[in-house]
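Participant: First, the structure itself, so that you have it in front of you.
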Ligand code: ZN
């Protein structure tokens, strides 16, 4: 699992996979102390295992994968196509598991073991929080890479905006033979989803009931507790403070002035690490969009339109396009920002067609 978690550190919506709303697990009021001790025991036991056995990359370092990666990333450095070395940031790519990892194919994976222990205690949701990679040298075409992982630290329980949870830090090291070529610190938060105000979410049954009424029932009014909340970090706090004031803020490099979204700690153009922000005019146009029909979204009546809006200032943001027939949405549709005050803590930006 360690390589399939998608970090969501921008001003987007947190994605907690394995969502288990309403699950109290073994960590109710009675068992909280016991489960805390069990988690610490599991952490100590898994950390003591040290590095997992080497897991080999399915393919040696190769040009076709480098070429696809460069196209996806927009990296045009000729060293990677002409000089026979791989982009360092691809390191993790070589040992990625497939899209559908096989259960039990990597029984010694420390993150998998620790996640299982936390699942057991009711901390069933996960969000990646941060990672740091170090590269010791370039990988060359034809080299066969392996990866080994160890559990570095488990801290908690901590109260977070997402719910109570534990931070799990692992260290992965990539090798060619016995030579370490790169390493990565990888941290996730395993959390128990905050209590829902309504009934627990349930998946719709695959087969509609034969006696189902012809009209779909009214969905419940969106409750604030149902909304997937963004992870507010040091990088994104200014954005959410802005939406609370009905300002759409765009991060601007304090060095070269380049605008960027989603926000991050450092300018990708000049490397300057003290960002500022501009307040956007709030206008833009639909650059791309999807009509979301399934699966159900808590508190929303489907379908909904999720648009990638290109702002007048040039950056793009993802947001819901409100009050429009999906058939009427088109690329280039002029839109204007609006603010959805979910509750005292959270105001989400959204978009409406700009008819002026
Ligand atoms: Zn800059």
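Nothing in this text is a laboratory measurement; each read-out follows from the coordinates by a stated rule. Given the structure is predicted, the values throughout are model-derived calculations rather than measurements. Glycine gets a Cβ as well: all are built from the backbone with ideal geometry, and neighbour counts include every protein chain shown.
Participant: Quick one: in region 24-127, what % of C-alpha pairs are over 20 Å apart?
Facilitator: The proportion of pairs with Cα distances above 20 Å equals 58 percent.
Participant: Shifting gears a bit: Using only the C-alpha atoms of region 229-353, find the volume of their convex hull and express it per residue in Å³. Walk me through the numbers on the way to the answer.
Facilitator: Values: hull volume 13.7 nm³, N = 125.
About 110 Å³ per residue, rounded to a whole number.
Participant: Give me the log10 of I(q) over I(0) for region 83-168 at q = 0.14, 0.25 Å⁻¹, as the Debye formula computes it from C-alpha points; what are the numbers?
Facilitator: Summing over Cα pairs of region 83-168 leads to -0.68, -1.37.
Participant: With label points built 7 Å along Cα→Cβ from the Cα atoms of residue 269 and residue 304, find their separation and express it in nm.
Facilitator: Reported label-point gap for residue 269 and residue 304 is 3.3 nm.
Participant: Let me ask something else. I need the peptides 252-264, 109-121 ranked by packing, meaning the mean over residues of other C-beta atoms within 10 angstrom, with the highest value on top.
Facilitator: Result, highest mean Cβ count within 10 Å first: 109-121, 252-264.
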